[in-house]
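Below: one structure, written as structure tokens.
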Amino acid sequence: MNNAVLKVSNLKTYFFTGRGTVKAVDGVDFELRRGECLCLVGESGCGKTVTALSILRLFDSPPGKIVDGRVSYDGLDLVKCPSKRLRQIRGKDIAMVFQEAQSALNPVFTIGDQITEQIKLHIPVGYARAKDRAITLLSEVGIPSAESVMSYNPHQLSGGMKQRVLIAMGLSCDPKILIADEPTTAVDVTIKAQILDIFRELKTSRQMSTIFITHDLAVVAEIGDRAVVMYGGKDVETAPVSEIIGNAKHPYTSGLIACLPDIAKSTGRLTSIPGATPNPLEMPQGCAFHPRCPKAMEVCSQQEPTETTISKEHKVNCHLYT
Ligand code: SF4
């Protein structure tokens, strides 16, 4: 796997519902390299979160099931490894910071209890050492008076503070990989900037590999090394962030870039990609983006595009390049 610490190959996660089969993730490929921040980007419903949950098999089964593919980590295939082994990896080797800090924290336990429990679950330490470690982690993510905050319940903290607590919990066992699911979505712009600073700082200080999920290409530009653009449960373009922003090939990526606010040229209106993400129960034939694509050709509604290599680091799935 070269420099890769995690490799996702042809991953397919389907949900078998009473109304039909939802192909939430339908053939995703990417690798996460040592020390990098890899962004999964796309609109809501494109399969980013289910991809992340599938890495750790953290979805309800049934109705969900990984029907194909591999997640290679440390000589293991996480799709097939025994549940007991996977539970040891979750939180310790690979940790996840969930979106919606409000619902991810248990309202009836103190912040201190929730972090120390997480530490003691994976590291053989007593309460006193776990508590010291929790205070250090809270300080590391910029929580002032960390010792006092240990005795708070979640409702006593602001949204931004709760998000920091979740990041501290994610870091509690020194994971090799951190998966952060939209950690800047439910916070205001000031807190968002502070949270991005925390991730930048962690990348430098811990050399950690991060999968950062976001719908916001501006966030990708600020924090990412490489990006995987997702649409309709598939990866449609993968490249270093500078290439994604400056030399996007896929019309969907170009559409996302066009939606970025440009203060210099601002007319007071924000642009959006026409149409909506497809109903996952009625995915269009061929390229799933064709009903919204300004460059769609006849072949696009008939045949699914395969991967084209633009350069060693830049891949795209689009008929324009085949
Ligand atoms: S394959 Fe066709 S419809 Fe899909 S993005 Fe490319 S040009 Fe557009």
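The values are calculated or read from the model by the stated rules, or taken from the named source; none is laboratory data. All values derive from a computational prediction rather than experimental measurement. Using ideal geometry, Cβ is built from the backbone for each residue, glycine included, and neighbour counts are taken over all protein chains shown.
Yes/no per residue for (1) at pLDDT below 95; (2) crowded, with 17+ Cβ neighbours inside 10 Å; (3) within 21 Å of A239 (Cα to Cα):
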residue	(1), (2), (3)
A4	yes, no, yes
T13	no, yes, no
G20	yes, no, no
F30	no, yes, yes
L40	no, yes, yes
S44	yes, no, yes
T51	no, yes, yes
L56	yes, yes, no
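In summary, A258 fulfils each of the numbered conditions (1) away from the ligand (no atom under 15 Å from the Cβ); (2) free of Cβ contacts under 8 Å to residues at least 60 places away in the same chain with the single exception of condition (1). For the stretch 269-315: of the residues being out of contact with any Phe, Trp or Tyr (no Cβ under 7 Å at 6 or more places or on another chain), among the small types (G, A, S) and in a loop (DSSP other than H, G, I, E, B), which is farthest from I245 (Cα to Cα)? Ranking the candidates gives G286 first.
Residues are listed down the side, and each one gets a yes or a no for (1) modelled with pLDDT under 90; (2) among the acidic types (D, E); (3) not in a helix (DSSP H, G or I):
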{"position": "A186", "(1), (2), (3)": "yes, no, yes"}
{"position": "K192", "(1), (2), (3)": "yes, no, no"}
{"position": "I198", "(1), (2), (3)": "yes, no, no"}
{"position": "E201", "(1), (2), (3)": "yes, yes, no"}
{"position": "T204", "(1), (2), (3)": "yes, no, no"}
{"position": "T210", "(1), (2), (3)": "no, no, yes"}
{"position": "V220", "(1), (2), (3)": "no, no, no"}
{"position": "T238", "(1), (2), (3)": "no, no, yes"}
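For the stretch 278-310, a residue qualifies if it is within 12 Å of K234 (Cα to Cα) and either in contact with a helix residue (DSSP H, G or I) (Cβ under 8 Å, 6 or more places away or on another chain) or among the hydroxyl-bearing types (S, T, Y) (or both), and the qualifying residues are C287, F289, P305, T306.
Of all the numbered requirements in (1) out of contact with any Pro (no Cβ under 8 Å at 6 or more places or on another chain); (2) farther than 27 Å from G20 by Cα; (3) within 9 Å of the ligand (Cβ to nearest atom), I245 misses one, and that requirement is (3).
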